[in-house]
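All remarks here apply to the structure that follows.
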Amino acid sequence: MSLKILGTGSYLPPKVVTNDDLAKSLDTSDEWIFSHTGIHARHMAGADDTTSSMAVKAARAAMESAGAQPDEIGLVIVATSTPDYNTFPSTACLVQDALGCKTAGAYDLQAACAGFVYALEQGRGWASLHPGRKVLVIGSETLTRVVDWNDRASCILFGDGAGAVVVGSEPGDPPVPTDGKPAVRCETILGADGSGYSFIAREGGTRVAPAPGQVPIPHLTLQGRPVFNFAVRTMDSVVMKLCLNAGLTPVELDRIFAHQANGRIIEAVARRMDLSLDKFYMNIARTGNTSAASIPVTLDEAVRKGELAEGMRICLVGFGAGLTYAGTLMTWPYL
Ligand code: UT7
């Protein structure tokens, strides 16, 4: 039995908002946004899109590619910071119901933009305890509904979407292929630095009692510079540590799926690691930062383009509010 990612799927809502569109109502420009972030456009949820509906579309695509039936799914984990409800029921319960996964447990996981890697690690652990059962691991976000559209330093960054994978073990799978290269066992690093909790935040929880009669509609707030620096530092050190533990040098990685927060962050990470930018899958120019959805969306795009072959050594790495960070090194598609 080998534990694997059995299938991938993603969904980006059809509505596209370009930088030029934003510049019509905001003191900004395509030149500024692209030169500071690498973003030209982002997808935005339409009136009928929700975090759960996008998650369902991504999950259906992942289940179809995995050949997985609803009754085979034993657990649904949705990584999200923008759940349909604040804060219960969980988005995962809505997804479980819509997919008809009647025998599955379901819960949300909140580790911001690092959430998908956290969720994948939990899914991997659960699936290894329940051979024969499958786990849906989903990242889905509707960030455009919580940003402050008057704050040009943050709203330009974000987009909406969902990505999903099906994790499970299959009898009779071949062992991890070595292809003349050292076999790499899957390893994950999960980390956090809560001292940076205020750098990316959204009020509206129970921390502050609302004034009588007031219904707060809190926006996301962001201090960009310290987050930028944290991102470069942690993504570099997580990938380096995973490689060190696996007996690899970073140049021996075939592909890196880094959280698409800012193209300049990924360029800085590549420079620090002395790696070609070509190792990093990039779609931020057309998606913006989709938070927990960004890594599974890039993974699904690469799979569907035929860019991932069995036996490739790949790394998933992200960071986010909390502050959190996480990375997984694996031999595709083995967990
Ligand atoms: O998933 C995690 C989520 N968060 C992140 O990843 C954020 C990481 N940080 C970043 O991506 C960058 O820090 C930003 C893109 C948010 C900002 O870029 P920056 O190079 O750090 O710019 P800055 O905040 O230092 O601002 C530089 C200038 C300021 O003007 P002054 O004070 O120098 O006159 C800003 O007011 O750029 C101005 N500015 C803008 N100008 C035009 C900020 N946003 C914009 C804008 N258009 N959209």
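Per-residue ellipticity at 222 nm, computed for the chain from helices alone with -39500 (n - 2.57) per DSSP H run of at least four residues, works out to -9000 deg cm²/dmol.
Sorted largest first by accessible area at a 1.4 angstrom probe radius, with every protein chain in place, the residues R202, R304, R42 fall in the order R304, R202, R42. Nonpolar atom fraction for the stretch 2-170, defined as the carbon and sulfur part of the 1.4 Å probe accessible area, stands at 52 percent. Applying D = kT/(6 pi eta Rh) to the stretch 36-179, where Rh is the Kirkwood radius over alpha-carbon pairs, T corresponds to 20 °C and eta to 1.002 mPa s, the Stokes-Einstein value obtained is 134 µm²/s. Sequence-ordered 3J(HN,Hα) estimates for the stretch 319-335 from the Karplus curve with 6.51, -1.76 and 1.60 and θ = phi - 60° stand at 8, x, 4, x, 7, 10, 8, 6, x, 10, 10, 8, 9, 4, x, 8, 10 Hz, glycine and proline given as x.
Taking the charge dipole of the stretch 72-137 about its Cα centre, with +1 at Lys and Arg Cβ atoms and -1 at Asp and Glu Cβ atoms, the residue from V137, A106, G74 reaching farthest to the positive side is G74.
Around the amide H of A106, modelled in the peptide plane, lie the amide H atoms of V76, all under 5 Å away and 5 or more residues distant in sequence or on another chain. With a cut-off of 11 Å between beta carbons, the residues surrounding D236 carry a summed charge of +3, where Lys and Arg count +1 and Asp and Glu -1.
Helices meeting the span-like rule in the chain (full DSSP H runs, Cα extent of at least 30 Å along the helix axis, mean Kyte-Doolittle score of 0.5 or higher): 224-246.
For K24, K57, K305, give the ranking by accessible area with the largest first, probe 1.4 Å.
I get K24, K305, K57, largest accessible area first.
Using a 10 Å cut-off on Cβ atoms, rank the peptides 234-241, 129-136 from the highest mean neighbour count down. Walk me through the numbers on the way to the answer.
Working: 234-241: 21.2, 129-136: 18.8.
Ranked from most to least packed, the peptides come out as 234-241, 129-136.
For the chain, just say rounded, prolate or oblate: build the C-alpha gyration tensor, square-root its eigenvalues into a ≥ b ≥ c, call rounded for a/c under 1.5, and beyond that prolate if a/b exceeds b/c, oblate if not. Since a/c reaches 1.5 but b/c is at least a/b, the shape of the chain is classed as oblate. The stretch 273-328 and the stretch 1-56 have Cα centres separated by 15 Å.
Which peptide among 27-36, 264-273 comes first, and what is the full order, when sorted by highest mean count of other Cβ atoms within 10 Å?
Values: 27-36: 14.6, 264-273: 18.9.
Listed from highest to lowest mean packing, they are 264-273, 27-36.
Pairs of Cα atoms nearer than 8 Å and 6+ residues apart set the relative contact order; for the stretch 187-331 it is 36 percent.
Once C-alpha pairs closer than 8 Å and six or more residues apart are averaged by separation and normalised to the residue number of the chain, the relative contact order reads 26 percent. Quick one: net charge around I265, please, counting Lys, Arg +1 and Asp, Glu -1 for every other residue with C-beta under 14 Å from its C-beta. Net charge in that neighbourhood comes out at +3.
Computed 3J(HN,Hα) for the stretch 273-282, one whole-Hz value per residue from the Karplus formula 6.51 cos²θ - 1.76 cosθ + 1.60 where θ = phi - 60°, is 8, 6, 10, 5, 4, 4, 5, 9, 6, 10, glycine and proline marked x.
The values are calculated or read from the model by the stated rules, or taken from the named source; none is laboratory data. The structure presented is a predicted model; accordingly, all values stated were derived computationally and were not measured. Here Cβ is always computed from backbone atoms with ideal geometry, including for glycine, and neighbour counts include all displayed protein chains. Calculation scope for accessible area: heavy atoms of the full protein, side chains included, ligands and nucleic acids excluded. Shrake-Rupley method; radii C 1.70, N 1.55, O 1.52, S 1.80 Å.
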